Every structure is written in C-alpha cells, then in structure tokens.
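Here the structure comes first, spelled out in structure tokens, and everything after it is commentary.
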Amino acid sequence: MAGLSDLQAWQAQVIEAECGFAASMAQGDLQAFARHLGEHALFFGGAQVLSGRAAVLEGWRSYFQGDSAPFSWAPDQVVVAANGSLAHSSGLVRGPKGDAIARFHSVWRQEAPGQWRVVVDRGSALSEAEKLAAGVTTTGPCAQNQ
C-alpha cells in the first residue's frame, strides 16, 4: 500500500497531466493532445464511442481547427488508486466565454513512473442550477498552462 506522500505525488502528477492535456487544446496542438492518450483510449460523447488513439484523434481533429479552442477544462477533483496505477479526474468544461457547459470525467493510467495517459473520457451535462452555481471564469488550476 502506498504512503500518503506517494498518493500526493501521484495526484500532483495527474493534475499536471490533466492541465497539460487541457493546454494542448488551448494551444491548438493536436500532437501534444495525442501524447496524453492511451493507445486503447475510449472517448464517450457523440453518437458513437471513439475507440483507440487514432479514432479519438480523428474524432477530435475539428476541435483543433480555427483560431481558438471551442472549450476548455480543468480538474477540480483527482483521486488516485492506492497502488498508483489508475486515477480519476473530474472538472468543469467551459465554453469560449468561460461559461460552464458540462462536467468531464477521465480515467488515467500510469503507464511508466510519472507517465499518465487518459484511457477513458466521458462528459456529462450540467443542470441549469449547476451552470449558475459554477459562474463564469477563465481561471483555475490549469490557467497558467493555457
């Protein structure tokens, strides 16, 4: 069983990985986005599940076209398994004006020491009350990376 310092270190690594993942979108860098994906990643969100890195990249390619990102995200919760093999991150997805539009849920796998990759990603809609409670902001734990 991992000690508290291991869990804290892994949690910090996942936050850094999630923020780097979000920064890849903000910077329009599809190659950086790809480096955060597990080879067999599953992305839920459209009419079908995107299965595998290549399918995710093809399905998300349009989000990287244009002058600015169509949305952004940042984690507000990260939980790591006691053995450090998996982690779950969740947070708000925001539109280009900073308005909360959804919540993301991602599962990360530690593939090598300190190397985390997304293996499952799914968004969920927010109720109107949740949107209002979230307010409008462009700051958060990933703001320095965007």
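Rounded to the nearest 0.05, the FRET efficiency derived from the C-beta distance between His40 and Ala12 at R0 = 22 Å is 0.30.
Which order do the peptides 101-107, 39-45 come out in when sorted by mean C-beta neighbours inside 10 angstrom, highest first?
101-107, 39-45
Sequence-ordered 3J(HN,Hα) estimates for segment 27-36 from the Karplus curve with 6.51, -1.76 and 1.60 and θ = phi - 60° stand at 8, x, 9, 5, 5, 5, 4, 4, 5, 8 Hz, glycine and proline given as x. Normalised by the number of residues in the chain, the mean separation of alpha-carbon contacts (under 8 Å, six or more apart) gives a relative contact order of 26 percent. One quarter of the surface of the convex hull around the alpha-carbon atoms of the chain equals 8.9 nm², the direction-averaged projected area. Neighbours of Val136 by Cβ distance under 9 Å: Lys/Arg scored +1, Asp/Glu scored -1, total +1.
The accessible surface of the chain, taken with every protein chain in place and a 1.4 Å probe, is 53 percent carbon and sulfur.
Residue-wise HN-Hα couplings along segment 112-122, as the Karplus relation 6.51 cos²θ - 1.76 cosθ + 1.60 with θ = phi - 60° gives them from phi, are 7, x, x, 10, 10, 10, 6, 10, 9, 9, 8 Hz; Gly and Pro carry x. Between the beta carbons of Glu130 and Ser62, assuming R0 = 22 Å, the FRET efficiency works out to 0.25 to the nearest 0.05.
Whole-Hz Karplus values for segment 63-76 come out as 5, 9, 9, x, 7, 9, 5, x, 6, 9, 8, 7, x, 10 Hz, taken residue by residue from phi with 6.51 cos²θ - 1.76 cosθ + 1.60 and θ = phi - 60°; glycine and proline positions read x. Residues whose amide H lies under 5 Å from that of Ala41, counting only those 5 or more places away or on a different chain, are Gly52, Arg53; hydrogens are built 1.01 Å from N in the peptide plane.
The values are calculated or read from the model by the stated rules, or taken from the named source; none is laboratory data. Note that this is a predicted model, so its numbers are computed, not measured. Ideal geometry is used to build each Cβ from the backbone, glycine not excepted, and the neighbour counts take in all protein chains shown. For accessibility, only protein heavy atoms count, side chains too; no ligands or nucleic acids. Shrake-Rupley method; radii C 1.70, N 1.55, O 1.52, S 1.80 Å.
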